[in-house]
1. Which of the residues spanning the stretch 1-53 are farther than 19 Å from residue 72 by Cβ, part of a loop (DSSP other than H, G, I, E, B) and either under 12 Å from the mean Cα position of the chain (by Cα) or in contact (Cβ under 8 Å) with a residue 24 or more places away in the chain (or both)?
2. I'm checking my understanding of the structure. Among residues of the stretch 57-81 that are in a loop (DSSP other than H, G, I, E, B) and among the aliphatic types (A, V, I, L, M), which one is farthest from residue 13 (Cα to Cα)?
3. Check 42, 20 and return the single one that is at pLDDT 95 or above, aliphatic (A, V, I, L, M) and more than 10 Å from residue 6 (Cα to Cα).
4. Which members of the stretch 1-47 meet the condition of being basic (Lys, Arg) and either more than 20 Å from residue 68 (Cβ to Cβ) or surrounded by fewer than 15 Cβ atoms within 10 Å (Cβ to Cβ) (or both)?
Amino acid sequence: MKIQVLGTGCARCKNANAEAALQEQGLEAEIEKVTAIEEIMAYQVFATPALVIDGSIKSAGRVPISAEIAVWVTAAAKQNTDAGPAHP
């Protein structure tokens, strides 16, 4: 699972609660902080912070609470498990 926090570096963008949600659920994921405006605009996100999980925008323009993020990461983890191994 890959979580991206999109934001230009403001205090709200740096604290998007992703780490806390992962710890609460006992899950692991790659967390990438995307600060380059060109990369943020590629997601067509016009308000930051934004949270992207496995390429899907889950939140924009606000900091979601960790319980909300926990629902998203749990669903993404289940979806990744249900998908099974990748085929060559």
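The values are calculated or read from the model by the stated rules, or taken from the named source; none is laboratory data. Fair warning: this is a prediction, and the values are worked out from it, not measured in the lab. For neighbour counting, all protein chains shown are included, and Cβ atoms are generated from backbone atoms with ideal geometry for every residue, glycine included.
1. Those that are farther than 19 Å from residue 72 by Cβ, part of a loop (DSSP other than H, G, I, E, B) and either under 12 Å from the mean Cα position of the chain (by Cα) or in contact (Cβ under 8 Å) with a residue 24 or more places away in the chain (or both): 8, 9, 10, 35.
2. 65
3. After applying the criteria, what remains is 42.
4. Matches in the stretch 1-47: 2, 12, 14.
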